[in-house]
Amino acid sequence: MCGRLLLPYSYIIWMIHQISQYLRGRDSMSGTVGCLLIHGFAGDINDILPLAKKLREAGYQVECPTLEGHGTTRRHMAKSTRHDWLRSAEEGYKRLVMRADTIVVIGFSMGGLLAFHLTTKYPVALLITINTPYKYWDVKEAMHYLREDFSTHSKRYIHGIGRIPFSSMLQFRRLLAETKTLLPQITTPYFLLQARRDDTVHAVSAQILATSVDEAASPHISWYENSNHMLLHGPDKEAAIAHVMTTIKKRFPS
């Protein structure tokens, strides 16, 4: 008796993507562009909302999945794992690929780690990460900003640390370790945005990421001098958003 032929799910998604392109009768470089935006660890879609709004206004298809366990309760987050977070991102990709020929994946902070995983499994035309960690929790920088504005920053850090379950921190660490092994497989065109004054991710992360991916990705780093980790909400947000918009438009002109 013949055994059943089992195809990897990522391959099935790739076939659907290719069939969709064929039926629409247009080349992927000139068809509908979709942008998948992935928020950060212990965050929610507000992390990337300013950019998402601009992309929608420009006519792009936009998908912003909420990662499992995020935007809910501490107990719910503690029950979620890095595999759940990746599955949430994958589900967002699957929704987007049904209405766009060309997929751009944009990951903020930990969302960038998930973006790397997606890029190694599914067709991605352009990869963009924003303040994504390789090294994280730059304590020296954090203390510098605490001294600058003790009341504001101390409350933010105490609140942030207090609401993240220890189990979730372990899941994040494991995700980071697993992602590092994938970086040499990244050949998709890759753009990085990094804030110099990042108080959560060590700014050198951008340089390490850029040198860790395959040279075929032609990584390009854009630095922002005046913002902390929440780049899309800080003093440089207009410049950062404009850079992303310009990068996408240049690669996929309408």
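Before moving on, here are some points about what is shown:
- Within region 160-176, the set of residues being surrounded by 10 or more Cβ atoms within 10 Å (Cβ to Cβ), farther than 13 Å from Met110 by Cβ and modelled with pLDDT of 50 or more comprises Gly160, Arg163, Pro165, Ser167, Leu170.
- Pair list, Cβ < 9 Å and 6+ apart or interchain, from region 58-74 residues that are in contact (Cβ under 8 Å) with a residue 60 or more places away in the chain and surrounded by fewer than 23 Cβ atoms within 10 Å (Cβ to Cβ) to residues that are assigned to a helix (DSSP H, G or I) and among the aliphatic types (A, V, I, L, M): Ala58/Met245; Ala58/Ile248; Tyr60/Ile248; Gly69/Met77; Gly69/Ala78
- Here is the figure for region 98-150: residues that are closer than 24 Å to Ser168 by Cα and at pLDDT below 95 total 9.
- Filtered residues of region 66-95 (kept if among the aliphatic types (A, V, I, L, M) and in a helix (DSSP H, G or I)): Met77, Ala78, Leu86, Ala89
- Out of Ser222, Ser227, Ser212, sole residue that is in contact (Cβ under 8 Å) with a residue 60 or more places away in the chain and of a type in the set (Gly, Ala, Ser): Ser212
- For region 191-223, taking the residues that are of a type in the set (Ser, Thr, Tyr) and either part of a helix (DSSP H, G or I) or touching a helix residue (DSSP H, G or I) at 6+ places or on another chain (Cβ under 6 Å) (or both), the one that is surrounded by the fewest Cβ atoms within 10 Å (Cβ to Cβ) is identified as Thr211.
The values are calculated or read from the model by the stated rules, or taken from the named source; none is laboratory data. Model, not experiment: these values are computed from the prediction. Quick reminder, even Gly has a Cβ in these numbers, built from the backbone with ideal geometry, and neighbours come from all protein chains shown.
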